[in-house]
Every structure is written in structure tokens, then in C-alpha cells.
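The values are calculated or read from the model by the stated rules, or taken from the named source; none is laboratory data. On a predicted model such as this, the values are computed, not experimentally measured, just so you know. Cβ coordinates were reconstructed from backbone atoms using ideal geometry, including for glycine residues, and neighbour counts include every protein chain displayed.
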Amino acid sequence: MPDSMVAARTSDSAGPIQQVDVAVVGAGFAGLYLLHRLRKAGFSTVALEEADDVGGTWYWNRYPGARCDIQTIDYSYTFDPELEAAWTWSEKYATQPEILRYLGFVADRYDLRRDIRFKTRVTKATWDDAAERWLITTANGPSVSCRHYIMATGCLSAPKPPEIDGVKDFKGEIYFTGRWPHDGVDLAGKRVAVIGTGSSGIQSIPLIAEQAAHLTVFQRTPNFALPAHNGPAPADRANLLQGDRAGYREQARQSMTGVPYPQQTAVSWQLSEAERRARFEEAWGKGDLVYILTQLWADQGVDVDGNALICDFIREKIGEVVKDPDTAAALMPHDHPFGAKRPCLDTNYYATYNRPNVTLVNLRQEPIKAITTDSITTDKRSVGIDVIVFATGFDAMTGAITAVHPITGRGGKSLSDVWAHGPESYLGLTVAGFPNFFMITGPGSPSVLSNMAVSIEQHVDWVVDQLAALRQAGFNTIEATEAAQAGWAKHMGDCASLTLHRLANTWYTGANVPGKVQGVMPYCGGVGPYRSICDEVVSRGMLGFKLSGPNVAAQCNDGEVVRLQPDVRLVLGMLAQMNLPPLESFGAQGARDFLAQFNAARPAGRPVGAVGDGMLQGAEGPLPYKLYKPATAGPHPIVVYFHGGGWVLGDELSDDPFCRDMCRRTDMIFVSVGYRHAPEHRFPAAAEDGYAATKWIAAHATEIGGTPGPVLVAGWSAGGNIAAVTCQLARDRGGPEIAGQLLICPVTDCTFDRPSYNDNATGYFLTRSLMFWFWDLYCAPADRTDPRVSPLRGRVEGLPPAFIATCEFDPLRDEGVAYAEALAAAGVAVEQLKARGHFHSSLTMVDVVITGVSARVQMAHALRRFAGLPEAQTSPGYRIAAAAS
Ligand SMILES: Cc1cc2nc3c(=O)[nH]c(=O)nc-3n(C[C@H](O)[C@H](O)[C@H](O)COP(=O)(O)OP(=O)(O)OC[C@H]3O[C@@H](n4cnc5c(N)ncnc54)[C@H](O)[C@@H]3O)c2cc1C
């Protein structure tokens with residue numbers, strides 16, 4: 001329906017309906033910038049705000065000690081260099097009053113208040129399919145009819161109600177940190193209770209302790225907190241910003257967290273204990289959350305062991321500050337990895353517990369039984385109280401959105417119903433079935449895992465740019481498709497599985513609100529990658545959106561924007577940026593040199609019990625080998641391993657990190673064989689070396705520390721080919737006995753006409769033309785059907801049990817699958833792993849492609865099973881806390 005006809009319907013029961021192009025809910029950081037951008041883009045607009053002034057978070061959270069925890073030079077608008085020049089922050093972490101003044105300053109500077117209706121709570125919203133407009137109902141004042149409806153209602157703006165019986169009986173004063181009285185609270189001489197030790201509690205407790213006669217802190221779950229070392233903005237950061245403001249801001253936009261720090265590459269096990277301690281002490285001294293969360297070592301946020309090192313350091317610090325050992329122990333978190341729950345920045349937090357007027361009550365040991373008129377009673381004591389401060393946090397990310405109820409989309413469906421099993425969205429921005437509806441920093445976007453100022457600007461820019469583009473193209477509606485939304489959920493899950501967030505019960509996962517569906521709600525893939533995905537959606541013709549308009553053909557370019565695993569996407573993106581010439585253009589030696597250089601830049605493999613080397617007897621002479629022994633007492637079963645490299649590249653060391661990783665996971669010896677390469681040694685040199693090496697290793701098993709008896713074989717790519725061929729030769733030539741074969745993305749056949757060769761011909765590192773080149777160097781066309789290079793053409797009956805892993809984006813995918821099917825059809829026990837979102841190198845790029853871990857876990861289980869060993873013990877990890885903080 002055209003806007004002119006809609007405008008004719010100008011009233012409802014509450015009076016005249018306000019007509020605008022775009023309605024915004026909220027006037028915090030996001031709402032203010034939205035108003036500014038929408039106006040500049042020529043949209044009529046109104047912002048509806050429950051508070052009586054701008055500021056959002058910073059309007060409501062006025063508790064003592066409220067500050068930002070991202071350095072203020074980073075936690076600012078960056079869209080207008082003149083605005084940046086016009087405002088100077090007084091502190092590294094500004095206080096709530098200063099941030100509120102800043103947002104007021106921004107509102108005045110761009111004259112935003114004239115389009116904000118204050119003291120106006122939005123109560124419901126209904127999509128009118130015929131009019132293609134939203135009708136927004138408010139608690140007071142006229143409703144609003146708008147083409148587009150944007151929720152800028154904040155991730156942390158719906159305070160969580162207390163969950164303790166008897167609060168209503170309490171006759172003293174009650175305050176919520178998230179709704180602190182504007183004229184302050186006089187706590188002098190009073191007995192105060194603070195319930196909750198999240199960020200707001202940790203910020204306010206030291207200041208409340210200074211005023212109160214006595215402060216009792218009721219703690220359910222301790223949090224990691226670090227000293228903020230507040231003061232002026234640190235000179236190094238300020239200089240970086242002043243030196244190249246535009247560059248600094250751009251780096252922030254492309255970074256993982258929205259703060260310009262580089263990706264850390266050193267992994268914890270590469271550093272000595274002294275180096276790790278030095279890094280930690282430096283981070284502790286900086287008082288910078290993003291720094292300590294990202295700059296210690298590369299595995300701190302993705303690996304339980306790398307993370308545990310930091311937890312130990314912080315617990316040590318707590319022990320050094322807090323004098324009473326029981327109190328110190330109670331303050332030490334043990335139930336979550338560092339960073340899985342938002343750590344806090346503090347000023348004198350731990351030292352506050354040394355004050356004589358402060359008591360910590362550990363609710364894990366003595367839960368609250370009741371709140372009476374003037375006391376809080378636990379299992380063990382009753383504490384007289386005049387004032388209760390609830391610092392119990394928020395119904396994060398979804399609370400403020402679903403508080404508007406119902407938001408009714410297409411077909412009369414309400415958002416709360418659609419989200420009954422957890423929030424679903426496309427890009428965290430839109431929801432299928434809710435046309436022209438947007439969320440700023442909604443669930444599914446980086447939001448609370450980022451510097452929100454950067455994320456808010458990115459979201460607002462993206463939304464307003466798209467609205468302007470739609471208008472320009474004559475479209476009235478935009479709506480995410482179900483397929484795109486489902487794809488996003490998959491990608492969200494892939495990203496979350498990379499991090500340790502899933503190991504903690506937190507407000508990131510909804511665990512702090514009783515009855516809330518649990519799952520990691522923010523996007524864990526990083527701010528820069530997220531931005532590039534949003535841009536990709538646009539560059540691919542609004543991928544995953546249905547667009548319609550009165551005078552244009554409807555458009556729907558359906559699909560999933562990210563099908564790769566997140567780390568694979570990063571690796572391939574980096575390779576694409578390097579714009580390398582095709583590997584085959586280097587020639588064999590040039591390609592070998594390149595590979596050696598490339599491998600040298602990889603993170604080192606993890607320590608194993610011992611690494612040795614030696615020479616074994618190949619088909620036509622001695623061959624080098626590398627031996628990886630577990631740290632446990634032997635003898636161990638032996639896996640003979642063949643590296644990848646198209647029969648042309650690599651050596652016994654080139655898959656070193658993988659061999660180490662698998663040696664650790666299997667508790668078995670890995671012997672990596674340096675077989676001969678083409679073009680110097682063409683077919684069947686590699687195959688015959690593989691067989692001869694296996695025979696030699698089996699015969700010398702005891703000598704090299706292995707269990708006598710059957711060996712196992714494994715290999716990746718061309719190495720997988722050699723392993724498969726070895727099994728056939730061993731069967732046909734009377735041994736050695738092989739207990740099992742692990743084939744990772746193996747070459748099994750000489751035809752190039754299977755779909756995966758075309759689907760993944762370019763763009764995934766191993767290209768179709770590179771495979772042609774490898775084949776040409778290794779094997780003359782006349783020999784290619786020989787089972788010693790195309791084992792799929794050989795007889796596959798009577799082979800050892802196999803585990804065959806293939807990757808979705810690999811030219812070799814289909815021949816690996818075909819081999820598995822052929823083995824199964826011949827009665828060989830086969831386990832197949834089809835690794836979704838992975839490319840040819842994913843599973844062997846240990847510690848670069850972290851999402852390959854689960855595949856390696858499965859491979860290790862298979863190898864142990866083949867060897868007749870019991871299931872490997874997996875690291876106990878973290879037990880998820882029974883209750884949330
Ligand atoms: C104490 C505290 C410290 C923080 N520190 C940082 C930090 O250092 N760095 C960082 O990146 N982030 C921080 N955050 C997160 C912070 O919320 C965001 O940085 C940012 O302020 C969010 O802005 P926003 O405009 O999206 O939402 P908000 O600032 O929350 O504003 C949302 C507005 O919407 C209004 N609203 C909600 N529902 C309705 C409705 N139904 N009708 C009408 N109005 C409605 C609310 O009244 C509110 O004013 C902090 C949060 C808190 C609570």
C-alpha cells in the first residue's frame with residue numbers, strides 16, 4: 001500500500017497516529033547515532049525513549065563507581081572527526097556522569113532531542129501486511145506508524161528482578177544498580193547488603209564500603225577482576241590515536257574486539273614459565289580488559305589448558321591481596337575459564353575485603369534462606385540490614401526486546417513465540433518473518449563481546465545504508481529468509497564452539513535468568529570478520545534477504561553467507577589477501593622452498609614425550625624418518641605416517657604439528673616417513689617407499705619403543721594415498737600386518753570429473769590445476785589407473801578397518817567418499833567423517849584451524865580402537881557451574 005493511503009488512517013483509540021519512515025526505540029549510544037544517520041539520509045524519524053533524557057545505559061546506571069570498562073578513547077563515536085576533536089575525555093575509564101554528559105553533548109551538537117519522545121515506553125508492535133508498515137503502540141502518547149522499525153533498546157538495559165523470597169517484606173531501602181536514584185543515595189552510617197558480584201557489584205562495593213557503617217557482600221559466584229589503574233589515558237594508546245586517528249579507528253573496526261590490538265600469535269606452550277609470568281604481570285599492570293583478554297598468548301581464549309594458566313595467575317593475585325585465607329579462597333573463581341564470563345575491572349575491589357566493616361558471605365556455602373523486615377538470613381547467620389543493593393545484572397541481549405510484547409510479525413506470529421527456543425536471527429540484525437524490523441546489536445551480533453561503540457556504529461551504518469539503497473531501488477520491504485537465518489545459526493554455533501564461552505553459565509548464555517533458554521547469544525567470530533560478512537551480504541546482492549516493492553520485481557537471492565568454518569574463512573581470507581601466484585608456477589623446487597617458509601611461520605607443535613629421528617630402509621635406499629613418542633611409559637602401538645604434498649612437496653617434518661597432536665591424543669608413537677618425491681622419483685617410488693617403510697618399521701617396532709605386532713598407517717592427501725596403497729600392498733604381499741588405516745583427504749583416483757573437482761576448483765588453496773600439476777609430475781597418464789596410485793581401482797576386499805576423513809571444500813572430497821563407500825561395500829569396517837565447512841588442509845593445520853579439533857579427536861579414537869586400546873581419557877575441562885552468578 002502506498003504511504004499516501006496509509007497516511008490517511010491517522011488515528012487509533014489513543015489519538016492521532018504519528019507517521020514516520022523509521023521509528024527507533026531507545027536513545028542511548030545506538031538510538032542517537034541512528035537518529036543522526038537517518039535524518040542525514042532523508043528519512044522522517046522519531047525515537048521513543050522510556051527515560052526522560054538521552055543516555056540509555058548511562059542514564060540508568062548511576063550507582064557509585066559506575067564506569068566504562070573499555071578505555072574511553074575507544075569507547076566513543078568515531079563517525080565525525082569534528083566531534084572527536086570537540087570532546088576530550090578526562091580519564092582512561094570515564095565515570096558514568098562524564099559519559100552521560102558526552103551523550104548529552106552529542107544530542108545537542110546534532111540537535112537530536114527534537115525527534116525524541118521521552119518518557120515514552122513502547123509496549124507492542126504489529127506488522128500490517130497490507131500496508132507494509134509497523135504500528136508501534138506506546139504506554140502514553142500517540143502510536144507510531146512506520147515503514148521500518150528499529151530496536152535500539154540495548155543489550156544490558158532490562159534489569160533482572162531479584163530471585164529471593166521475602167524481598168517484598170523488607171522494610172528498609174532497596175536499590176538496583178541498574179536503576180539507581182538520580183539524586184544519589186546516602187549510605188552513611190547504614191548497614192548495607194550488596195547482592196551480586198558482577199561488574200556493577202565489583203565497581204560499587206569499594207565505594208559503598210567507604211560510606212556504610214557495615215557492608216555485607218552476598219556472593220554466589222566469584223568473578224575474575226583486574227585492577228583498572230584508572231588515571232589519564234595511557235600515553236602509548238593516546239599517542240597511537242593522535243598519531244593516526246583514521247588508521248587507529250580503522251584498525252579497531254577490523255579487529256576482533258573493536259579495540260585495535262593485533263592478533264597474538266605466540267601460543268602458551270612456546271613460552272617458558274618466566275616468559276608467561278612476565279607477560280601476565282605486564283598485562284596486570286596495564287589495567288586493560290581487552291589487552292589481558294587477547295594479548296597474553298594465542299590459545300588463551302580457545303584452549304582450556306592455555307586459559308587455566310591465566311586463572312592460576314589471577315587466583316595468586318587475589319591470594320596476595322586478601323588477608324583472610326577463607327575470604328580469599330571464596331573470592332577465587334574456579335567454575336569458569338577466564339574470559340568465558342565477562343571479567344571485571346576494579347578499583348580496590350579485593351583490598352576492600354580487608355576492611356573491618358566488610359564481610360563476605362559465600363552463598364555457595366550458606367544460601368540465603370529468607371529476607372525479613374530488617375535482615376537477611378542464611379543457613380548460618382542472620383545479618384541486620386538497613387539497605388539492600390541488588391547488583392544482580394540484566395536479562396541480557398533479549399530482555400529489552402521481548403519486553404515489548406507482542407512484537408507481531410507476518411502471519412500474526414509474535415517474536416517471543418518465535419524465540420521460545422532461543423533467539424534466532426540473521427546477522428543479529430533481522431529475524432525471518434519480521435519484515436522491516438531491525439535490532440541494533442541484537443543476539444547473533446558481536447555486541448557484548450566487543451567494544452559496543454564500534455559495533456553500534458557498524459550496525460547503524462549498515463542498516464541505514466541498506467534502507468537508503470532499498471528506497472533508491474524502489475523496494476518497500478526487506479526480510480531475512482529462513483535458509484539464511486538457519487545458516488547464521490550454524491555459523492554462530494561454529495564460532496561459539498571455537499571459544500570457551502560455552503563452558504560457563506553466564507549472562508552471555510542466558511544462564512543468569514531462571515527459565516531462559518541457554519545458548520551463547522553473542523556472535524563469537526569477531527568484530528572485523530562480522531563486518532566483512534555484513535558487507536559480503538550486500539556485495540552478493542543482499543544474500544539471504546527477500547526484497548519487495550510496489551513497482552519492482554521482488555528479489556530474493558537466497559543462501560547462507562558463511563559456509564566455511566570461521567577459522568577456515570580467516571585462513572583462506574589471509575591467503576587470498578596475499579595474492580600469491582599459483583603454487584605450480586614456482587616449479588617443484590620453488591614450491592618446496594615456499595612450503596618450507598610457510599611452515600616455518602606456523603605455530604610450533606605441542607610438546608610430546610620425545611622426538612627423535614633416524615633412517616629406515618625404503619624401496620631403493622635409506623629414507624629419513626621422524627619419531628614422536630608419547631610422554632607415558634611405553635611400549636606404544638606405532639602409527640606409520642605419510643605427509644601430504646602431492647608426491648612432490650613436504651618431508652618427514654612438514655606435518656610436525658599434526659604428528660605431535662595425534663601422538664598426544666592417541667598416546668601412540670607416530671613415525672613420519674620421508675619418502676621420495678617427484679619429479680626426481682616418479683611413480684611408483686612414493687608408493688613403494690611407503691610400503692617398504694611400513695615393513696621396516698613393523699620389523700623394528702621394539703627397537704623404536706613400539707609394541708611388536710601389527711602397526712597402523714595414516715596419511716594426509718598424497719600421504720593418504722600412500723597409506724591406502726600400503727594397506728593393499730601389505731595384504732597382497734604377505735605383510736606386514738596392519739591394524740587400521742587413517743586416510744585424511746586422500747587421493748584415491750585419477751579422474752577429475754567428480755563434482756568436488758569442479759565445485760572447489762579454485763579458492764580453497766588446493767586447486768584443480770595444482771592437482772593436475774602434481775599428477776603430471778608424479779605419474780605418466782598410462783600408469784594412472786594402477787592401484788598403486790589409484791587405490792580406488794584396486795581390489796578393496798580384506799583391507800584393515802579404515803577411518804576416512806573428507807572436507808566439504810576440497811577437490812578430493814568425492815574420491816575420498818568414493819573410497820569409503822567402496823571399502824564399506826566390500827565389507828571393510830569404515831568410519832567416515834565428512835568435515836563440514838573445512839578445506840583440504842583444515843584437519844592437519846593444528847592450532848591454526850582450531851575447528852579441526854573435534855575431527856582429530858574422532859581420528860584419535862578410531863586409531864586407538866584399531867589398536868585395541870581403551871577410549872582415551874579426555875581432559876576433564878570445566879564442569880559447568882550448577883547455578884549462574
Ligand atoms: C554499567 C555498564 C557499563 C558498561 N560499560 C561498557 C563499556 O565499557 N564498553 C562497552 O562497549 N559497553 C559497555 N556497556 C554496554 C552498554 O550497554 C553499551 O556500550 C551501550 O551503552 C549500549 O547502547 P544502546 O544505545 O545500544 O543501548 P542502551 O544504552 O541500553 O539504551 C537503550 C535505551 O532503550 C530504552 N528502551 C528500552 N526498551 C524500551 C521500550 N520498550 N520503550 C522505550 N524505550 C526503551 C532504554 O530506556 C534505554 O535508554 C556497559 C553497560 C553497563 C550496564
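Take segment 457-486 and flag every residue that is within 16 Å of the ligand (Cβ to nearest atom) and of a type in the set (A, V, I, L, M). Working first, answer last.
Taking segment 457-486 as the starting set, the residues that turn out to be within 16 Å of the ligand (Cβ to nearest atom) are 457-464.
Val460, Val463, Val464, listed by residue number.
Condition check ((1) in contact with a His (Cβ under 6 Å, 6 or more places away or on another chain); (2) within 21 Å of Val448 (Cα to Cα); (3) within 15 Å of the ligand (Cβ to nearest atom)) across all residues:
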| position | (1), (2), (3) |
| --- | --- |
| Leu48 | no, no, yes |
| Val54 | no, yes, yes |
| Pro81 | no, no, no |
| Thr123 | no, no, yes |
| Thr126 | no, no, yes |
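Considering only residues in segment 156-183 that are part of a helix (DSSP H, G or I) and within 16 Å of the ligand (Cβ to nearest atom), the one that is nearest to Met439 (Cα to Cα) turns out to be Gly178. For segment 1-104, the helices (runs of 4 or more DSSP H) that sit wholly inside it and include 2 or more residues that are modelled with pLDDT of 95 or more and of a type in the set (A, V, I, L, M) are 29-40, 81-86.
When Ala193, Ala209 are screened for being under 22 Å from Asp69 (Cα atoms), modelled with pLDDT of 95 or more and surrounded by 19 or more Cβ atoms within 10 Å (Cβ to Cβ), only Ala209 passes. Residue-level check: of (1) more than 16 Å from the ligand (Cβ to nearest atom); (2) closer than 30 Å to Gly196 by Cβ; (3) touching a residue at least 60 places away in the same chain (Cβ under 8 Å); (4) not acidic (Asp, Glu), Val454 misses just (1).
For Arg364, state whether it is surrounded by fewer than 17 Cβ atoms within 10 Å (Cβ to Cβ), at pLDDT below 95 and assigned to a loop (DSSP other than H, G, I, E, B). So Arg364 fits the description; yes.
Restricting the search to segment 202-240, which residues are among the basic types (Lys, Arg) and touching a Leu at 6+ places or on another chain (Cβ under 9 Å)? I'd like the intermediate steps shown before the answer.
Restricting attention to segment 202-240, the residues satisfying the condition of being among the basic types (Lys, Arg) are 220, 237.
Arg220 - this is the single residue of segment 202-240 that is among the basic types (Lys, Arg) and touching a Leu at 6+ places or on another chain (Cβ under 9 Å).
Cβ-Cβ distances below 9 Å connect the following pairs, each with a first residue in segment 133-145 that is on the phi > 0 side of the Ramachandran plot, a second residue that is more than 11 Å from the ligand (Cβ to nearest atom), and a separation of six or more residues or different chains: Gly141/Ala14; Gly141/Gly15; Gly141/Gln18. Note on segment 184-237: enclosed strands (runs of 3 or more DSSP E) holding 1 or more residues that are more than 30 Å from Ile73 (Cβ to Cβ) are 191-195, 214-219.
Would you confirm whether any residue within segment 277-291 is more than 30 Å from Leu363 (Cα to Cα), of a type in the set (Lys, Arg), free of Cβ contacts under 8 Å to residues at least 24 places away in the same chain and assigned to a helix (DSSP H, G or I)? Scanning segment 277-291 turns up at least one residue that is more than 30 Å from Leu363 (Cα to Cα), of a type in the set (Lys, Arg), free of Cβ contacts under 8 Å to residues at least 24 places away in the same chain and assigned to a helix (DSSP H, G or I). Ile388 meets all of the listed conditions (1) within 16 Å of the ligand (Cβ to nearest atom); (2) closer than 28 Å to Tyr63 by Cβ but one, namely (1).
Rundown of residues vs (1) at pLDDT 95 or above; (2) within 21 Å of Val671 (Cβ to Cβ); (3) hydroxyl-bearing (Ser, Thr, Tyr), yes/no style:
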| site | (1), (2), (3) |
| --- | --- |
| Ala576 | no, no, no |
| Phe598 | no, no, no |
| Ala601 | no, no, no |
| Ala604 | no, yes, no |
| Leu623 | yes, yes, no |
| Leu627 | yes, yes, no |
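When segment 172-190 is filtered for residues that are modelled with pLDDT under 95 and more than 29 Å from Tyr508 (Cα to Cα), the ones remaining, listed by number, are Asp183, Gly184. With the structure loaded, tell me whether Gln741 is modelled with pLDDT of 95 or more, under 17 Å from Met668 (Cβ atoms) and among the polar types (S, T, N, Q) or whether it fails that test. Considered against the rule, which asks whether it is modelled with pLDDT of 95 or more, under 17 Å from Met668 (Cβ atoms) and among the polar types (S, T, N, Q), Gln741 comes out as yes.
Of the residues making up segment 184-199, at least one is within 12 Å of the ligand (Cβ to nearest atom), within 35 Å of the chain's Cα centre (by Cα) and under 30 Å from Ala370 (Cα atoms). Here segment 811-825 is the region considered, the condition is being closer than 12 Å to Thr751 by Cα and in contact with a His (Cβ under 9 Å, 6 or more places away or on another chain), and the residue that is surrounded by the fewest Cβ atoms within 10 Å (Cβ to Cβ) is Leu812.
Scanning segment 532-551 for residues that are modelled with pLDDT of 95 or more and in a loop (DSSP other than H, G, I, E, B) returns Arg540, Gly541, Met542, Leu543, Gly544. Applying the criterion of being more than 10 Å from the chain's Cα centre (by Cα) and outside any helix (DSSP H, G or I) to the residues of segment 485-509, the residue that is surrounded by the fewest Cβ atoms within 10 Å (Cβ to Cβ) is Asn505. Just a yes or no: is a residue in segment 334-355 farther than 16 Å from Val194 by Cα, within 16 Å of the ligand (Cβ to nearest atom) and in a helix (DSSP H, G or I)? No. Regarding segment 131-146, can at least one residue be identified that is among the hydroxyl-bearing types (Ser, Thr, Tyr) and more than 12 Å from the ligand (Cβ to nearest atom)? There is at least one residue in segment 131-146 that is among the hydroxyl-bearing types (Ser, Thr, Tyr) and more than 12 Å from the ligand (Cβ to nearest atom). Filter segment 626-645 down to residues that are in contact with a Ser or Thr (Cβ under 7 Å, 6 or more places away or on another chain) and surrounded by fewer than 24 Cβ atoms within 10 Å (Cβ to Cβ) and give me whichever is nearest to Met771 (Cα to Cα). This residue is Gly645. Restricting attention to segment 28-46, the residues being more than 6 Å from the ligand (Cβ to nearest atom), of a type outside the set (Phe, Trp, Tyr) and under 32 Å from the mean Cα position of the chain (by Cα) number 6.
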